[in-house]
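What follows is one structure encoded as structure tokens, with my remarks underneath.
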Amino acid sequence: MNPTGALVYLISTLTDLYITAIMLRLLLQWVRADFYNPLSQFLVKVTNPVIVPARRLIPSLGKLDTASVVVMLLLELAQLAIISQLAPTEFGMQYLLLFAFRKLLFTLLMTYFVLIIARVIVSWIASQSRHPLIPLIYQLTEPVLRPFSKLIPPLGGVDLSPLFALIALRFLLLLLGW
């Protein structure tokens with residue numbers, strides 16, 4: 001029985017889910033997705049308690065919602081600080097900051113990896129569905145797939161850009177050591 005491991009798991013999972021919600025909200029803003037979509041509304045309502053006060057303190061830099069980025073980084077740092085107190089190892093602040101950036105980049109890459117796989121599956125089995133999640137998946141993945149679509153045109157009616165995007169994402173994840 002390992003209560004410390006269970007607590008670390010619980011803290012990590014809940015924090016990672018909330019960070020992913022903030023990241024999805026940021027990505028939806030970036031692609032100018034439909035904010036009347038029920039999923040968009042859910043993400044806004046879940047993340048507003050943290051993002052709205054942060055926006056009062058942290059101004060945006062151009063189109064980048066800096067407050068969301070800072071909140072994600074602070075949540076990641078808090079999670080790592082708590083876990084490092086529970087675990088028998090000591091990490092310096094510089095290490096925690098570097099690991100937090102690395103973990104946020106991993107979360108971003110994995111989010112796109114999952115979204116692209118979801119887009120491929122949707123295109124196979126539910127392309128005519130009216131589920132509110134489907135347009136968001138297409139809106140979120142389009143900026144990532146567009147450069148690959150320009151380089152690799154459809155061959156015989158088959159779009160290979162998702163395959164090459166997944167290969168590139170996996171390559172970046174391996175470079176990060178994940």
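Here, each number is a calculation from the coordinates, and none is a lab measurement. Keep in mind that what you see is a predicted model, and the values were worked out from it rather than measured. So basically every Cβ, Gly included, is an ideal-geometry build from the backbone, and we count neighbours across all protein chains shown.
Using C-alpha pairs below 8 Å separated by at least 6 residues, the relative contact order for the chain is 22 percent. Taking every DSSP helix (H) stretch of at least 4 residues in the chain, weighting each as -39,500 (n - 2.57) and dividing the sum by the residue count yields a mean residue ellipticity at 222 nm of -27000 deg cm²/dmol.
The share of alpha-carbon pairs in the chain lying farther apart than 25 Å comes to 43%. Each of Gly157, Leu26, Leu169 was scored by the projection of its Cα onto the charge dipole of the chain, and the greatest displacement toward the positive side belongs to Gly157; charges sit on the C-beta of Lys, Arg, Asp and Glu. In a simple Cβ point-charge model (Lys, Arg +1; Asp, Glu -1; nothing else charged), the chain has a dipole of about 380 debye relative to its Cα centre. Listed by chain and number, the aspartates and glutamates placed with their C-alpha closer than 14 angstrom to that of Lys45 amount to none; residues fewer than eight positions away on the same chain are left out.
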